[in-house]
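Accompanying notes for the structure given below.
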Amino acid sequence: MKTLRLTLTALLGILAVVGVRAADSKAAPRATVTFVNPDKFTDAADGQRGSDYGRDGNLAELKTYIERKASSYVPEGQRLEVTITDVDLAGEIEPWRSPQMQDVRIIKEIYPPRIDLSYKLINASGAVVKEGTHQLRDLNYTMNINPNRSDPRVYEKALLDDWFRADFARVKK
């Protein structure tokens, strides 16, 4: 009987911890991301002919990434508002290579990733703590060591990582 009570108590404790973590993960993101005229972005689509689906998927991935990174860099009670005005994905579609490779992105030094953005860091009372405009570039992106080369947006995420490290102190958890 004692073992059953002990087991039930331990189980309830575990469920409580899982419930708290689930509530934390459903908290409002510390960042909001807005894309201005994404249909006019230099290169955010999935191929030479591009598509709204491919562009929207790539931008949604970048938005999710910024929101996730903000939880590590933006202090609790503050909010980061990011406005992205242009995206040029690393590499380029070179359709002349062959008909079978028409939607393959070729990575070369001459096609660096680029993200143009502005941001505002807003405190709990609504005052702007910090703001800025950046043209994120990495002309040496092919020389950087990236542990996750299977991620098709690895170079753009590296740009965002560099920006977060340069402009925001990491929040200690």
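The values are calculated or read from the model by the stated rules, or taken from the named source; none is laboratory data. Because the structure is predicted, anything quoted here is derived from the model rather than measured. Because the Cβ atoms are built from the backbone with ideal geometry, glycine has one as well, and the counts that use them run over all protein chains shown.
When the residues of the range 126-173 are filtered to those that are touching a Leu at 6+ places or on another chain (Cβ under 6 Å) and of a type in the set (A, V, I, L, M, F, W, C), the one that is nearest to residue 114 (Cα to Cα) is 136.
Here residue 33 clears all of (1) farther than 26 Å from residue 149 by Cβ; (2) surrounded by 15 or more Cβ atoms within 10 Å (Cβ to Cβ); (3) at pLDDT 95 or above except the condition numbered (1). Return the pair list, or none, for Cβ contacts closer than 7 Å from residues in the range 131-157 that are over 30 Å from residue 79 (Cα atoms) to residues that are at pLDDT 85 or above and not charged (D, E, K, R), at least 6 apart or on different chains. Short answer, once both residue conditions are applied: 139/112; 144/158.
Just one of the listed residues (168, 164) is touching a residue at least 12 places away in the same chain (Cβ under 8 Å), surrounded by 13 or more Cβ atoms within 10 Å (Cβ to Cβ), touching a Lys or Arg at 6+ places or on another chain (Cβ under 6 Å) and not polar (S, T, N, Q), and it is 164. Could you please let me know if residue 124 is touching a Gly at 6+ places or on another chain (Cβ under 6 Å) and among the small types (Gly, Ala, Ser)? Here the answer is yes, as residue 124 does meet what is asked.
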